[in-house]
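Notes follow the structure.
The values are calculated or read from the model by the stated rules, or taken from the named source; none is laboratory data. Because the structure is predicted, anything quoted here is derived from the model rather than measured. For neighbour counting, all protein chains shown are included, and Cβ atoms are generated from backbone atoms with ideal geometry for every residue, glycine included.
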Amino acid sequence: MRIRDMNWMMVEDYLKRDDRAVIPVGSTEQHAQLSLMVDCILSEKVSADAAEPLGVPVFPTVHFGVTPYFRAFPGTISMRLQTFLAVIEDMLNCLKEQGFKRIVLVNGHGGNGSAQQLAQEWMTNNPGMRVKFHNWYNAPKTWAKVKEIDPVASHASWMENFPWTRLQGVKAPTQQKPMISYEQMHRSNAQEVRTLLGDGNFGGYYEKPDEDMNALWAVAVEETRALIESKWE
């Protein structure tokens, strides 16, 4: 249930019987031949698919994250760390004021991990509130499925190439790209990262059959739904 399909009165009525909410968190950044908004598309869709049978509202995706290393790729927008954390905190504060008490941050971008530490600090300062931070793409069952399909998987590789993240008329390369050096990337500035990555894929095949991708998606949705449903105390 997306919040865009509700009015404020419907939300007020919902809060009389439930206090859960889901916030997808993504990033607008290079993903090789895929959409610049892969992280937003996937975090929003896995949230909506998981929450729909539960009737839990899914708020609009946070479209920008922390991705300074990709700033040399046109179209990438990176928030400063303090800006990103302030946005997340403001959202949590608003939801608390309105009566939401259990909130899931469904994250689709590795650079946003600092929100997990913020959530722990925020819960300490706001007794009675619960926040779960969920990296949907490398959660245990989902990551195990990735490894089952192909152990060589990374940013902008096949594991992010779903029918809903592809661009019409854009064909992906068919070869397996060698993995880049993470150590070298982590000591490089944005322009050096662009040179290191080339098209942006970190390594691995660019695509897999839709049968594999649909199987992976089913695991991700089920794992995300289980997180929304259980173990809040």
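Quick notes on this one:
- Just one of (1) out of contact with any strand residue (DSSP E or B) (no Cβ under 8 Å at 6 or more places or on another chain); (2) part of a strand (DSSP E or B); (3) aliphatic (A, V, I, L, M) fails for V104. It is (1).
- Filter pass, K132 being within 24 Å of L105 (Cβ to Cβ), among the charged types (D, E, K, R), in contact with a helix residue (DSSP H, G or I) (Cβ under 9 Å, 6 or more places away or on another chain) and not in a helix (DSSP H, G or I): yes
- Taken together, the residues in the range 76-110 that are of a type in the set (F, W, Y) and either in contact with a Gly (Cβ under 8 Å, 6 or more places away or on another chain) or modelled with pLDDT under 95 (or both) amount to 1.
- Counted residues, the range 135-175 - those being of a type in the set (A, V, I, L, M, F, W, C), modelled with pLDDT of 95 or more, within 23 Å of M37 (Cβ to Cβ) and not in a helix (DSSP H, G or I): 7
- Any hit, the range 78-91, residues being part of a helix (DSSP H, G or I), without any contact (Cβ under 8 Å) to a residue 60 or more places away in the chain, in contact with a Phe, Trp or Tyr (Cβ under 7 Å, 6 or more places away or on another chain) and over 30 Å from L197 (Cα atoms): yes
One line per residue, one yes/no per condition, for (1) within 20 Å of the chain's Cα centre (by Cα); (2) of a type in the set (K, R); (3) assigned to a helix (DSSP H, G or I); (4) surrounded by fewer than 21 Cβ atoms within 10 Å (Cβ to Cβ):
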{"residue": "R4", "(1), (2), (3), (4)": "yes, yes, yes, yes"}
{"residue": "M10", "(1), (2), (3), (4)": "no, no, yes, yes"}
{"residue": "I23", "(1), (2), (3), (4)": "yes, no, no, no"}
{"residue": "H31", "(1), (2), (3), (4)": "yes, no, no, no"}
{"residue": "C40", "(1), (2), (3), (4)": "yes, no, yes, no"}
{"residue": "S47", "(1), (2), (3), (4)": "yes, no, yes, no"}
{"residue": "A50", "(1), (2), (3), (4)": "yes, no, yes, no"}
{"residue": "V56", "(1), (2), (3), (4)": "yes, no, no, no"}
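- Residue pairs meeting the criteria (Cβ under 7 Å; at least 6 apart or on separate chains; first farther than 18 Å from S154 by Cβ, in the range 204-221; second among the polar types (S, T, N, Q)): V219/T142
- Check on D212, in contact with a helix residue (DSSP H, G or I) (Cβ under 7 Å, 6 or more places away or on another chain), under 20 Å from L34 (Cα atoms) and either among the basic types (K, R) or surrounded by 10 or more Cβ atoms within 10 Å (Cβ to Cβ) (or both): yes
- When restricted to residues that are part of a helix (DSSP H, G or I), without any contact (Cβ under 8 Å) to a residue 40 or more places away in the chain and either farther than 18 Å from I77 by Cα or touching a Phe, Trp or Tyr at 6+ places or on another chain (Cβ under 8 Å) (or both), the range 181-196 contains 6.
- Any pair with Cβ under 7 angstrom, 6 or more apart, that starts in the range 110-123 at a residue that is more than 13 Å from V62 (Cβ to Cβ) and ends at one that is surrounded by 15 or more Cβ atoms within 10 Å (Cβ to Cβ) and among the aromatic types (F, W, Y): Q116/F133; A119/F133
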